[in-house]
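The structure under discussion appears below in the form of C-alpha cells.
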C-alpha cells in the first residue's frame, strides 16, 4: 500500500494500447474465468488461457514451461539446454517455487520445495483440455499462495472430445504420435478416448521421451501415463484418474563459465562438468574422467477421485479426494570433505580431509487430502464456498556407497552407510467464500463486483539431521493467513475494464529453513528463521475485442513485505538459495495485441515492461585476490536500491500464424532483456539479453474419405537463427580485486530440428 502513489503515477503516465489474442473473447460471469474457443491463446487483462490443441501444437517432447514460452511475462529455463529434462519458469520475475499450480483443483506443488518437477510427468500437456495462467494474485486456490501467478489445469475427460448420438453405441478414438530430432531426441505417444454404453467414458495415454540433451551427459529417459474412467449422468459425474511417470536424467545443474556458455573463442558449449574427476596413470600422468551414473532418478504416482453433483439448476457440489506418492534419489561422485558425510576418524584423519565418494540423497513422500466446493448461481449474485485439507509426509536420507581409498571408520556398518536422515510433516487447510454481484446485466452492458475471502492454516514440522552440516534441526512452525481479494469489471460491447486488489501470504519452503536456520540444542533457540511473505497486488486492465483484432493492457503493482528473493547462490542440488528482504516491489505494464490480417494470416504479440526493485538493500561481499589463488583480502558491501535478481525489465513475444488448405505455419519469436544473477546489480554478474525464433510447420493430409485416419505431419525448427545464449545461471557472493565475479551459466542449444507425425483413428 505504501507504494500506491507510485502505481497511480505509472498508470496515469502509461499511454498504452491493448489486446486480447483472439477473434472473439467470451467473458464469463467472473473475472477469474475465461472461456476459450479460438485457435490461439486467449489473453484477458492478466489472464492467459490455452486449450489442448494450443499446448500441443509444437510438442516435440519439451516439458510444459517451454510450451508456455509465449505467455506474457514468462521466462522458461532448462538444465539440459533442450527443455526436456529439468525445466523451470519464472513469471513477472517470480520463480517457480512461488507460483501456485493445481490440476483438477488439486494442489500440484510439492509441499516442501513448493515447486512442480515437470520431468516427473513428461508430456502431461497431451492429457490436458485446458490451462489458465493468471498473473499476480489469483482467485482462491488450494495449496500455497501465488506470488507471481497461479496456473490452473484440467485433464482430458472423454465427453469433451467424443460425442455419440446414443449411449447404446460405443465410440472410440485412438491416436499415435511420433517425432524425432537432433541430439537423439525421440517422443512416442499413444492415447485412446472411449465412450461406453450406460454413460461410461474413459481416457488413456502413454508417453515415452528420450534425449541425449544438448549438454553432454544430460540424457533423459522419461515416461508418463494418464488414465481416467468416469460415469456421466444428467446431474452427477464420478471420475477416477490415475497418472504419473518416472525419470532418469543426467545432471546438468553445475553450470559452466561465461566463455563456455556463449561459445567465445570456439569453446565447446556442450561441456558439462558434472561427475568430472581426475585419474592418475602408472606413469604419473593425469587425465580427466567422468562418473557414468551422475543421475537423478524419481518416480511419482497420482490418484484422484472426483464427484460432481447438481442438486438444482442453481446449486451444485464438487468434491475430490487425492493421493500422491513419490520416491527416488540422485547419485553423485564428488570430492568432498569427510565431514560432509558426518565421518569422524579421531586421530587418523581430519574431518577436513577430502576424498572422492559415491553417495545418494534419497526421499520418499506421501501427499493426500480432499477438496470441497459448493456453487450457487442466480440473479444477480453468484456464490461459491469451500475448502481443502491436505497432509504431507516426507522422509529424506542419504547413503554413502563408496569412499576412495579410505575404509569406513565404523566397524559394523558396511556400505551403504546412512549418514543422515530427517523427516517432515505438513498440514495445510483452507476455507474460502467468494461471490460475484452483477450490478448491471444488460445485453450490451455489464458491471460486476466480486469479493473473495480465504483463511489458510499451515503447520510444518521437521526432525532429524540437516543434510548440509550434519546438525540437528528440529522445527515446528504454525501460520495463520487471511487472504482477501476484491475486483470490479465493466463491459460495454467490445470494451472490458477491470480493476482488482488482493493480499496474499505465503510460508517459507523447506530450503528456506534448511539454508538459513541455526538451532542451538543447548538453549533450544533458533536464529535465522525466515519470515512468511506478504504481497499487496494492484491490477488495472483494459481490453477491446473486435471480430478482426483485439488489443489490451494490464498495469500491475506488486508490493512485497519480507519477499524471499533469489540470491544467485546454489545449494548442492542445484536449487537457488533465498533470503528475506523487508521492502521490495514489482511493477509493470503487460501489453498484448492481435490482428487477423487475412482469412489465412494472423499476428499475435505481447510486450511486458517492468521495474523490480529492493529498497534499502544491504549485502556484504567477500573480496579475493584472483580466481587462481582465492586469497581472502577483506569485504565489500552493496547498499541502496537494487534490481531483483532474475527479473528482466522487458520480455516480448510475437507469433505469426499462416493457415490455408490444411497447411499451418507459425513463426514464434521470444525476446528477454538482460537479467542480473544476484541482487547487487553488478554488470559482471549478468545474463545477456537474448532472442530466439522457432518455426513450426504442420500439414493435415487431405483424405476425403473419413473411413481413413487423420494424418498430420509436423516439423519444428527451434532457434532457427542459431543464437548462442544462456537463460539461467548463478553467482558466488564474492568478488575479485579486478572486479570480476565467479559466475556460472546454463548454455542452451543452437538450431535444432524435430519432425514427426500424428495419426488419429
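The values are calculated or read from the model by the stated rules, or taken from the named source; none is laboratory data. If you're wondering where the values come from, they're calculated on a predicted model, not measured in any experiment. All Cβ positions, even for glycine, are placed from backbone atoms using ideal geometry, and neighbour counts span all protein chains on display.
Residues are listed down the side, and each one gets a yes or a no for (1) surrounded by fewer than 24 Cβ atoms within 10 Å (Cβ to Cβ); (2) modelled with pLDDT under 90:
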| residue | (1), (2) |
| --- | --- |
| 79 | no, no |
| 91 | no, no |
| 103 | yes, no |
| 131 | no, no |
| 139 | yes, yes |
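Touching a residue at least 60 places away in the same chain (Cβ under 8 Å) and either part of a strand (DSSP E or B) or crowded, with 21+ Cβ neighbours inside 10 Å (or both), is that true of residue 597? Spelling it out, it is not the case that residue 597 is touching a residue at least 60 places away in the same chain (Cβ under 8 Å) and either part of a strand (DSSP E or B) or crowded, with 21+ Cβ neighbours inside 10 Å (or both). Residues satisfying the criterion are present in the range 474-491 (criterion: closer than 30 Å to residue 363 by Cα, surrounded by fewer than 16 Cβ atoms within 10 Å (Cβ to Cβ) and at pLDDT below 90). I'd like to check something: does the range 735-743 contain any residue that is closer than 30 Å to residue 645 by Cβ, crowded, with 17+ Cβ neighbours inside 10 Å and more than 29 Å from the chain's Cα centre (by Cα)? Scanning the range 735-743 turns up at least one residue that is closer than 30 Å to residue 645 by Cβ, crowded, with 17+ Cβ neighbours inside 10 Å and more than 29 Å from the chain's Cα centre (by Cα). Residue 456 - would you say it is touching a helix residue (DSSP H, G or I) at 6+ places or on another chain (Cβ under 9 Å) and surrounded by 16 or more Cβ atoms within 10 Å (Cβ to Cβ)? Against the criterion (touching a helix residue (DSSP H, G or I) at 6+ places or on another chain (Cβ under 9 Å) and surrounded by 16 or more Cβ atoms within 10 Å (Cβ to Cβ)), residue 456 does not qualify.
Of the residues in the range 272-292, how many are part of a loop (DSSP other than H, G, I, E, B) and exposed (fewer than 15 other Cβ atoms within 10 Å of the Cβ)? Total satisfying the criteria: 6. Do you know which of the residues in the range 304-359 that are assigned to a strand (DSSP E or B) and touching a helix residue (DSSP H, G or I) at 6+ places or on another chain (Cβ under 8 Å) is surrounded by the fewest Cβ atoms within 10 Å (Cβ to Cβ)? Ranking the candidates gives 354 first. Tell me yes or no: at least one residue of the range 511-524 is within 28 Å of residue 453 (Cα to Cα) and at pLDDT below 95. Yes; the residues of the range 511-524 include at least one that is within 28 Å of residue 453 (Cα to Cα) and at pLDDT below 95.
In the range 424-445, the count of residues that are modelled with pLDDT of 90 or more, within 24 Å of residue 528 (Cβ to Cβ) and touching a helix residue (DSSP H, G or I) at 6+ places or on another chain (Cβ under 8 Å) is one or more.
Condition check ((1) surrounded by 15 or more Cβ atoms within 10 Å (Cβ to Cβ); (2) in contact with a strand residue (DSSP E or B) (Cβ under 6 Å, 6 or more places away or on another chain); (3) under 28 Å from residue 78 (Cα atoms); (4) free of Cβ contacts under 8 Å to residues at least 12 places away in the same chain) across all residues:
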site	(1), (2), (3), (4)
696	yes, yes, yes, no
699	yes, yes, no, no
703	no, no, no, yes
710	no, yes, no, no
715	yes, yes, yes, no
724	yes, no, yes, no
727	yes, yes, yes, no
746	yes, yes, yes, no
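Taken as a whole, the structure leaves residue 636 outside the set of residues that are more than 28 Å from the chain's Cα centre (by Cα), surrounded by 15 or more Cβ atoms within 10 Å (Cβ to Cβ) and farther than 25 Å from residue 95 by Cα. Filtered by the rule that a residue be surrounded by fewer than 18 Cβ atoms within 10 Å (Cβ to Cβ) and either within 14 Å of residue 63 (Cα to Cα) or touching a helix residue (DSSP H, G or I) at 6+ places or on another chain (Cβ under 9 Å) (or both), the range 228-237 gives a lone residue, 232.
Residues that are assigned to a loop (DSSP other than H, G, I, E, B) and either at negative phi or surrounded by 23 or more Cβ atoms within 10 Å (Cβ to Cβ) (or both) within the range 522-557 comprise 522, 523, 529, 530, 531, 532, 546, 547, 548, listed in sequence order. Quick one: would you say residue 254 is assigned to a loop (DSSP other than H, G, I, E, B), more than 29 Å from residue 361 (Cβ to Cβ) and either in contact with a strand residue (DSSP E or B) (Cβ under 8 Å, 6 or more places away or on another chain) or without any contact (Cβ under 8 Å) to a residue 40 or more places away in the chain (or both)? In short, no.
Take the conditions (1) on the phi > 0 side of the Ramachandran plot; (2) touching a helix residue (DSSP H, G or I) at 6+ places or on another chain (Cβ under 6 Å); residue 300 misses just one of them, which is (1).
In the range 528-558, of all residues being under 20 Å from residue 480 (Cα atoms) and out of contact with any helix residue (DSSP H, G or I) (no Cβ under 7 Å at 6 or more places or on another chain), the one that is modelled with the lowest pLDDT corresponds to 529.
Going by what's in this entry, would residue 510 be described as within 23 Å of the chain's Cα centre (by Cα) and within 27 Å of residue 587 (Cα to Cα)? Judged against the criteria, residue 510 is not a match.
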